[in-house]
1. Could you list which residues have their amide H under 5 Å from that of Val226, counting only those 5 or more apart in sequence or on another chain, with H placed in the peptide plane?
2. Using the Karplus curve 6.51 cos²θ - 1.76 cosθ + 1.60 with θ = phi - 60°, what ³J(HN,Hα) values do you get for each residue of the range 166-176, in whole Hz, with x for Gly and Pro?
3. Explain nothing, just compute: Karplus ³J(HN,Hα) = 6.51 cos²θ - 1.76 cosθ + 1.60, θ = phi - 60°, for every residue of the range 100-105 in order, whole Hz, x for Gly and Pro.
4. For Val126 and Met221 in the same chain, what is the full-extension length gain: residue separation times 0.36 nm, less their Cα-Cα distance, in nm?
5. Can you find, among Gln184, Ser111, Ser89, the residue farthest towards the positive end of the dipole of the range 35-223? Put +1 on the C-beta of Lys and Arg, -1 on that of Asp and Glu.
6. Please go through the residue pairs Lys64/Lys109; Lys109/Lys196; Lys128/Lys215; Lys109/Lys215; Lys68/Lys200; Lys131/Lys215 and name each one whose alpha carbons sit more than 21 Å apart in this structure.
Amino acid sequence: MDVVGKKLGMGEAILSIKRWAIAVFAIGILTGCGERPVETVYHHLEAAVELEIPFEKQQEPMQKAELKENEIFDQIISLGLSDFEEIVSLAEEAIISIESREAMIQKEKQSIDESYNEFLNIKEQVDKINKDELITMLQELEDSMNTRYSNYNELNELYVQTLTEDRTLFELLKKEELTLEDLQDQINIVNELYEKVESKKEDFNTSTDTYNQLKRQFYEMAELNVQYE
């Protein structure tokens, strides 16, 4: 069975998603009692980082699942029409893997949402800060976070679409009457989606870099003595 191209994976793309920088006070953990507003902001910003740990933990297993599905796809193509029962069995195995990725992407999205909601708590401190330059910096930080969150949601939406089309691809492979034209059309759909995912991933990474830089600048401007892990 000769076909042109195959579905692209997102494992490498996901693993290259930028992580947030984790900052800690060099003088130790603040108690929260008698904190300055900027210190309260610090706690919300770093709590947001911690809430993205589940997001990070999904990346490696998602990559492994994608690689497994690509290997299964290659196996199916190499079989051609010689063993249809084996093709069906392999396709069902791939679909189970896709279902595991669906569960992982839900955990990832929940983590990002919770982190974003934690970040929004900094708004309560803006009116308590009496330095205009710090207020301006916080607004820039908020704008940056909103851009990052928007980029993630678009990335997530695209990735969910790829899961649907990946499933469709393997469902097609279970059909004995499948034509080469139909298979190639579905492969093209999957490949085009993964190209869009890769592009949006770059946008997300760029916005993450921008956010991290602005956060560092805010800490420096607020004279918070922090170290980065």
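Computed from the coordinates by the stated procedures, all read-outs in this text should not be read as laboratory data. These numbers come from a predicted model, not from an experiment. Positions of Cβ are generated from backbone atoms using ideal geometry, with glycine treated the same way; all protein chains shown enter the neighbour counts.
1. Ala26
2. Values, residue by residue: 4, 4, 4, 4, 6, 5, 4, 5, 8, 8, 5 Hz.
3. 5, 5, 4, 5, 5, 5
4. Details: separation 95, 0.36 × 95 = 34.20 nm, distance 1.48 nm.
Stretched out fully, the Val126 to Met221 stretch lengthens by 32.7 nm.
5. Sorting the options by dipole projection puts first Ser111.
6. Details: Lys64/Lys109 19 Å; Lys109/Lys196 19 Å; Lys128/Lys215 19 Å; Lys109/Lys215 23 Å; Lys68/Lys200 24 Å; Lys131/Lys215 16 Å.
Distance filter (> 21 Å) returns Lys109/Lys215; Lys68/Lys200.
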